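As structure tokens, the structure follows; a few thoughts come after it.
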Amino acid sequence: MYEACFNNNFTDALVFYLCILLLFLLSPCLFIWELINTLRSSFRCTENMSQKVVLITGASSGLGELMAYEYAKRGACLAIIATKKPESRLEQVADRARELGSPDVLVVFADVSKVEECRMFVDDTIRHFGRLDHLVTNAGIAPIYSVNIDVTKFAPVMASKAALISFYESLRFEVSPTISITILTLGFVQTNLITAKYSTNGFGVHLRENFGDIYPSMGAEPCAKAIVDGVCKGATSITEPRFIKSLFFIKSLFPELHRLIFNRYQSEDMQLLKKDR
Ligand SMILES: NC(=O)c1ccc[n+]([C@@H]2O[C@H](COP(=O)([O-])OP(=O)(O)OC[C@H]3O[C@@H](n4cnc5c(N)ncnc54)[C@H](OP(=O)(O)O)[C@@H]3O)[C@@H](O)[C@H]2O)c1
Ligand SMILES: *[C@@H]1O[C@H](CO)[C@@H](O)[C@H](O)[C@H]1NC(C)=O
């Protein structure tokens, strides 16, 4: 029956456009719903982080480092993780976190891409503090290459980015309400990831220098503060900068419009790339 019905192009299209129309009619309600949710979240109680234990991966720079400071200001004990390398700033981050009010900071050098090392730092944290309250899985890489450069370079990130969202959405059903999960989706945030490392990653100096003019990006400090605020209020998802969320709506409802917006950025990117060569 189902098959017979949707093999008919006309019925198929009709259902599609009716759904779009319905969404259009419902959109004022959805708008108000979003607004109410935003207002409600600003009045929600904040978790008392004093003496709580927070493990942050990738805390030697960028958002991980700044989140460590946000938690430190709230009096949380920290376990901070990054890979072992001579120039690592992890120890300095620990010192600064102590200055800012963290009662105890454990530094562990480990590589999150190795399962046994992950097990080790979680065990170390629980052995040291006797508990673990927040696990911030922040460590990440963003090898942003053009497909033109070398497609094999994508391998280390395959199945991480978008797959993680689906993974945590499913995990949430299994572990709630004992454990709550906050899923973070970010636009561009001004850290090493999108600035300094660009030049070595295949994109050129021009793109790095002009990044801010092409892509609207957010300062790392306000971003880290917004994240920790949201997590401590039990948000299920956080998107920073906020306007990025509207792109998700546009992408699912009007994919063509989404494509047009990105084409605009794409062409500017490509011009800069050409200039570099
Ligand atoms: N900045 C943005 O615009 C943006 C946008 C979307 C998503 N994100 C995500 O936000 C997170 C933080 O990024 P960021 O912008 O703060 O970049 P970042 O400054 O490069 O920080 C990444 C951190 O992860 C650590 N790290 C990398 N690989 C690791 C590994 N295998 N094991 C352990 N630690 C590792 C790095 O430390 P070591 O190199 O010292 O190990 C560093 O502390 C990442 O997951 C990134 O994908 C950022
Ligand atoms: C937060 O927790 C700490 C330690 O558990 C406690 O001493 C403090 O009074 C609490 N603060 C508030 C505002 O409840």
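Computed extension length for Glu91-Leu18: 20.4 nm, one decimal, from 0.36 nm per residue of separation with the Cα-Cα distance subtracted.
Loop-resident trypsin sites (Lys or Arg not before Pro) (DSSP state other than H, G, I, E or B) in the range 36-102 with no more than 15 further Cβ atoms inside 10 Å of their Cβ: Arg44, Lys84, Arg89.
Remark: the Leu257-Glu47 segment gains 71.6 nm on full extension, using 0.36 nm per residue and subtracting the alpha carbon distance. Distant-in-sequence amide contacts of Leu106, defined by a placed amide H-H separation under 5 Å and a gap of 5 or more residues or a different chain, comprise Leu78, Ala79, Ile80. The phi torsions of the range 105-120, fed into the Karplus equation with coefficients 6.51, -1.76 and 1.60 and a -60° offset, translate into couplings of 10, 9, 9, 10, 8, 7, 10, 5, 7, 10, 4, 5, 6, 5, 4, 4 Hz, rounded to whole numbers, with Gly and Pro shown as x. Each of Thr185 and Asp123 was given a label point 7 Å from its Cα along the Cα-to-Cβ line. The distance between the two points is 3.7 nm. Of the chymotrypsin sites (Phe, Trp or Tyr not before Pro) found in the range 45-149, those in coil by DSSP whose Cβ has at most 16 other Cβ atoms within 10 Å are Tyr145.
Are there any GluC sites (Glu not before Pro) in the range 73-102 that are in a DSSP loop and have at most 15 other Cβ atoms within 10 Å? List them by number. Here the GluC sites (Glu not before Pro) that fit, given the DSSP loop and packing criteria, are Glu87.
Length gained on full extension, Leu35 to Arg264, computed as 0.36 nm times the residue gap minus the Cα-Cα distance: 79.4 nm.
For Ser180, no residue whose modelled amide H falls within less than 5 Å of its own remains once neighbours fewer than 5 places apart on the same chain are excluded. Taking amide H as placed 1.01 Å from N in the peptide plane, Val189 has its amide H under 5 Å from the amide H of Met218, each at least 5 places away in sequence or on another chain.
Only the coordinates and a few stated rules stand behind these numbers; no lab work does. As the structure is a prediction and not an experimental result, all values here were calculated from the model. We place every Cβ from the backbone using ideal geometry, glycine too, and count neighbours over all the protein chains shown.
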